[in-house]
Every structure is written in structure tokens, then in C-alpha cells.
Amino acid sequence: MNKLYVVGLGPGSFDGMTQKAHAAILASDVIVGYTVYIDLIRAHFPDKEYRSTPMRKEVDRVRLALELAASGKTVAMVCSGDAGVYGMSGLTEELLSEYPGVALETVPGVSAVLSGAAILGAPLMHDFAVISLSDLLTPWEKIEKRLLAAAEADFVICLYNPSSHKRRDYLKRACELVLRFASPKTVCGIARNIGREGEETRVLTLEELKDTEVDMFSTVFIGNSETKVINGRMVTPRGYLYE
């Protein structure tokens, strides 16, 4: 059919996948993805052909998916969360012109900024910024400017890729930048393994977050000046008047 779906799987659990994502995978002959994401769905679609690539092989992965689609197959390239939020849809759009005749459709999923917020409480009820701390594709100097701008503007800030083996101190550095404008008592939250086995959350202050170790399976939320803890959950009031 020469069709490529770029599919956001959501947070990771099967029931967190949208019906449209489920239908796209069912309609596909081949599923392409990063090994970890393939493993999340293989048991639910056992009759499909699977092709996986390791981390940091994104260009190879997209070209593989496009080549398979160009050969006449219907292909689903899967991503965690939403394919258009730090996912694969942008790179696929960039390379699509090299494969004339391939029809591309992006199927959205629930990004970690949304699924993480849901299990923490309601931290995103007002304006917010999403920033990745990974400097593989973005210089740290630019990340630093974005953090400072978001903090000065009093945005709630959601941090993707907050730490790794090579970037153990990046969350600490980010918190120190935010602390130039925010109170040490600012309410923060960590959502880990969202929608997967071992899911956990923690609500803490910005000062505590600065010295907390997290991993790549964690999504971090830094509240604004109005964010508070209500019944143990992280909430940013929208500002509604009520009695």
C-alpha cells in the first residue's frame, strides 16, 4: 500500500494507547521502532513482523520504515508518548521527499507531559513550558536560556530527559537556574515509569528536587509561584472563583 504510519503509543501501557493507534498497528504489515518500544507492544500484536533499531539510530530507523513502505508494505513506526513531541514524525517529514509514492500519516499519542501530570494531580492548569535537558541535539547554552526565560516568566516547567549516565548533574544545574527566579519552596513533582510496571510519583520542593537523583524514565514538573500541594497532590490553580 506504500503507507507509513508514525504512531505515538502513549505512556507505555496497552490501555493508554488510543484507538486510532491500535487501528494503525492492526492495519500494518511491519512494525518498526526502538527496541524498548517494540517490547511494549509485541505481546499484543504477535502476528506482526517487527524491525527494531537501538537508541541513537533514529535516521536509520526512519529510512528503514520509509524503504519498507516504498516496497509496497504498510508500516507503523512506533514511538513512546506522542510521535510529534520529541518523537519521530519531524525527521520522517524531512526525509519523506526522498521516497516518492509513500503516503505518511502521523497518529498522535498521549505525551508524558500529559500522562505524568495526570498521575501527579493537576500541575498544568495554567501556562507551561516543556524543555528537554538532553544536549545531544541542542547545545546546553540554548537549553539554559530557555530554562531561564521560562522561570522568569513564571511558567510551570516540564522537563524531559532530566538525567542520564553522562548527564547526572543536569537536573541539579537546571534547578539552580530556575532558583534564580523561583522560591526554594516551589512545589515540584516527579513521575516515573508512567503507565508501566513500577509507576511512582513524588511531590517535593524545588530545593529538594535540586539534590534528587532521577533517570531517563522520569518526567519532572517544576511548579509556578501559584502551584500548591492539595491532599498530597501537585496542583496549579487555574484561578476560578468559588465559595
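The values are calculated or read from the model by the stated rules, or taken from the named source; none is laboratory data. Note that the structure is predicted; figures quoted are calculated from it, not measured. Here the Cβ positions follow ideal geometry from the backbone for every residue, glycine too, while neighbour counts run over all protein chains shown. To get the accessible areas, we keep the full protein, side chains included, count just its heavy atoms, and leave off ligands, DNA and RNA. Shrake-Rupley method; radii C 1.70, N 1.55, O 1.52, S 1.80 Å.
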> Share of the chain's accessible area from carbon and sulfur, percent, 1.4 Å?
Replying inline: 51
>> With a 10 Å cut-off between alpha carbons and a GNM built on the chain, which of Ile222, Ile25, Ile230 moves the most?
In response: Ile230
> Local charge sum around His22 (other residues, Cβ-Cβ under 15 Å, Lys/Arg +1, Asp/Glu -1)?
Replying inline: 0
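Any idea of the accessible area per residue across region 95-243, 1.4 Å probe, to the nearest Å²?
55
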> Which shape class, rounded, prolate or oblate, goes with region 6-144 when its Cα gyration tensor gives a ≥ b ≥ c as root eigenvalues, a/c under 1.5 marks rounded, and past that a/b bigger than b/c marks prolate?
Replying inline: oblate
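Using just the alpha carbons, could you tell me how many Å³ per residue the convex hull of region 117-243 encloses?
Spread over its residues, the Cα hull of region 117-243 gives 107 Å³ apiece.
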> When the convex hull of the Cα atoms of region 120-174 is projected onto a plane and the area is averaged over all directions, what value comes out in nm²?
Replying inline: 4.2
> Rg (Å, one decimal) plus Dmax (Å, integer) for the alpha carbons of the chain?
Replying inline: 19.3, 63
>> Under 10 Å, Cα contacts only: if you run a Gaussian network model on the chain, which one of Thr74, Thr106, Thr53 comes out with the highest mean-square fluctuation?
In response: Thr53
> Build a GNM of the chain with springs between Cα atoms under 10 Å: which of Lys142, Lys48, Lys228 gets the top mean-square fluctuation?
Replying inline: Lys142
> So what is the 222 nm mean residue ellipticity for the chain from helices alone, if each DSSP H run of at least 4 adds -39500 (n - 2.57) and you divide by all residues, rounding to the nearest 500 deg cm²/dmol?
Replying inline: -8000 deg cm²/dmol
> Do any of Lys57/Lys142; Lys57/Lys166; Lys57/Lys172; Lys142/Lys172; Lys166/Lys210; Lys172/Lys228 go past 26 Å between their Cα atoms, and which?
Replying inline: Lys57/Lys172
> What are the aspartates and glutamates whose alpha-carbon lies under 12 Å from the alpha-carbon of Lys20, with same-chain residues fewer than 8 places away excluded?
Replying inline: Glu105
